[in-house]
Amino acid sequence: MSARDSNIKRLGSVPLFDVLVVGGGINGAVSAAALSAKGAKVALIDRGDFAGLTSSNSSNLAWGGIKYLESYEFSLVNKLCKSRNQLLRSYPSSVKEIRFLTTIEKGFRFPPWLVFLGTVLYWSMGRFFTEPPCYMNAAALKKQEPVLNTRRAAGGFEYSDAYLYDNDARFVFNFIRSAVDHGCAAVNYMESYAVVREQDHWCVSARDTSSGDTLMIRAKVLINACGPYVDAHNQLSQQRTWHRHLFSKGIHLIIDRVTPHTRVLTFFASDGRLFFVIPMGNKTVVGTTDTQVSSPEVSVTDADRAFVLSNINDVLMLGQPITQADIIAERCGVRPLVQQGADQTANWHQLSRKHAIDVDIKDQHLSIFGGKTTDCINVGNEVVSWVQTLGVQLPYATFKWYGEEASSVRDAFYHQARLMNLDAYTAEGATERLTPRLWRRYGGRAWILLEAIRQDARQAECLISGTEFLRCEVEYAARYEMVVTLEDFLRRRSSISQVVRHATLVNAAGLDTVCQILFGRDAEAKRQAYIEAMAE
């Protein structure tokens, strides 16, 4: 029985859960991970894949919100800096400090020295946890990063923040995995289509969108963590809340690496918004846009591409301009921005990514609005506190629910990997050794992969050329990671579709083998479904 089938069985067999979380993005994932680790009986469902929307379309940054200094949101920046530092301490393998190199052009609304003082304030609000910022003139900027166009530069500076070494969806899924390890019944492609409050518990009718089967889930507390669809699900459950969402569309384009240096290049785009050039292995991510939209259903337009390409070509001096032909992949999603009240005329440019939790104590219902990866541990802790207030007993209330395994476990894994000469299996062209990559992605579960390679060296073969993912990782995903569609694996459990062009990927010799491992006799149907979905 697959992990997903096992969880579906548990969804239907538990008479009453303590908590049902609807939504498997970052907010839902940390809610389920925190509550299940502390002993609550938890279920989590998502009508699509885990991290299928906003949580898989971010800039992959875990930053303290330096831009919010301009709007004097010092309390928010202080909180986000503390949260960023906590992530750096708790996930040293997957959340890394990285330097940001920022160029300020002549005529900018603030002189470079004043913006630099902002980075000093930012560093101090971050408790001096990172390397200090440093100021640079135009010549020093050019020396540090030769690809920069410094003709209009008045100066600049370098400061530190953090980023996710792997993709954001993988970071979210590891919280889902942690929740399942602690007893949570988590199921993707399970849609909540009818919600009723009966006496002292919620009755949620759910439909498996892959099979059409339905079941009833009962829980004392219902947590709406549907991301951009929080408002829609609150209408379904007849919840009235103080907060609402407005949406800002952001896109990123992925191209071949434009600089060998591992730092983020930061500019102010033509619309005044921060614009990033972010390293991603041997690729580069550029963006983002900031376009108000009325619906979470968004896609990349020609205007979006033109905006990003225009800005990247304006700030970098490359051998030739970057064009649409250079785009390997795209990321597109909405930022759910928190707004108080029902007024839809707020100045959405001033809305930050802070989160808010609305609680209906009588109906035992929580709605999580906004939020960002940086603040995820705080969200989990706040949810725990509210669920306790609603009367749910947590037998292990003091248990620490987040963070990597103990360093002793990691050291033992590294030692065993050295004994096996594991790094000799590192794929050609890989951006890092195999040992740290497996530990970062799987933590203590990396021992399963190590044992598979020990028993059969073919488990260490790379199935798709141009990627770093091994046969044993595909088999692990098939068994433990609830992969329902090919996109789940290529886009969210891994980042393969973000670094290999679609035309190359669908014709790759190893893709058939990947599909066979993941889907067995349904392999060809799943492959065709993926091709058709990507063509839409």
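Just so it is clear, none of the values below were taken in a lab; they were calculated from the coordinates. Note that the structure is predicted; figures quoted are calculated from it, not measured. As a convention, Cβ positions derive from the backbone with ideal geometry for all residues, glycine included, and neighbour counts pool all protein chains shown.
When +1 charges are put on Lys and Arg Cβ atoms and -1 charges on Asp and Glu Cβ atoms, the dipole computed for the chain relative to its Cα centre reaches about 1080 debye. Residue exposure proxy: Thr130, Thr504, ordered by other Cβ atoms within 10 angstrom of their Cβ from fewest to most, comes out as Thr504, Thr130.
Estimated at 0.36 nm per residue, the fully extended path between Ala457 and Ala503 surpasses their Cα-Cα distance by 13.6 nm.
Between amide H atoms placed 1.01 Å from N, distances below 5 Å from Ala154 occur with Ile104, Glu105, Lys106, all of them 5 or more places distant or on a separate chain. What is the distance in Å between the Cα centroid of the range 178-212 and that of the range 246-277? After rounding, the separation between the Cα centres reads 37 Å. Once C-alpha pairs closer than 8 Å and six or more residues apart are averaged by separation and normalised to the residue number of the chain, the relative contact order reads 19 percent. For the peptides 428-434, 265-271, the ranking by mean Cβ contacts within 10 Å, running from highest to lowest, is 265-271, 428-434.
In this rough spin-label picture, where each label sits 7 Å from Cα along the Cβ direction, the Ser295-Trp242 distance is 3.2 nm.
Using a cutoff of 8 angstrom between alpha carbon atoms and counting only pairs six or more residues apart, the relative contact order for the range 407-535 works out to 18 percent. With contributions of -39500 (n - 2.57) from each DSSP H run of at least four residues, the per-residue ellipticity at 222 nm computed over the chain stands at -10500 deg cm²/dmol. Semi-axes of the equivalent ellipsoid for the chain, computed as √(5λ) from the eigenvalues of its C-alpha gyration tensor and ordered from largest down, come to 35, 30, 23 Å.
Exposure proxy shown here: for Tyr163, Tyr135, the number of other Cβ atoms within 10 Å sets the order, fewest to most, as Tyr135, Tyr163. For the range 407-535, the Cβ-based charge dipole about the Cα centre amounts to some 300 debye (Lys, Arg positive; Asp, Glu negative; other atoms uncharged). Remark on Leu61: its backbone amide H falls under 5 Å from those of Leu164, a criterion applied only to residues 5 or more positions apart or on other chains, H modelled at 1.01 Å from N. Comparing Val196, Asn78, Gly380 along the charge dipole axis of the chain, the residue lying farthest to the positive side is Asn78, per the Cβ-charge model.
Hey, fewest Cβ within 10 Å first, where do Glu405, Glu382 land in order? Before the final figure, lay out each step's value.
Working: Glu405 15, Glu382 18.
Ranked by crowding around the Cβ, least crowded first: Glu405, Glu382.
Taking amide H positions as modeled 1.01 Å from N, with prolines and chain starts lacking one, the residues under 5 Å from Gly48 and 5 or more places away or on another chain are Tyr189, Met190. When the range 407-535 is described by a simple charge dipole with +1 on each Lys and Arg Cβ and -1 on each Asp and Glu Cβ, the residue from Ala503, Thr467, Ile448 located farthest towards its positive end is Ile448. All other residues whose Cβ lies under 14 angstrom from that of Ser299 are scored, Lys and Arg at +1 and Asp and Glu at -1, for a net of -2. With a threshold of 31 Å on the Cα-Cα distance, the over-threshold entries among Lys96/Lys362; Lys38/Lys249; Lys362/Lys400; Lys9/Lys96; Lys96/Lys354; Lys38/Lys67 are Lys96/Lys362; Lys38/Lys249; Lys9/Lys96; Lys38/Lys67.
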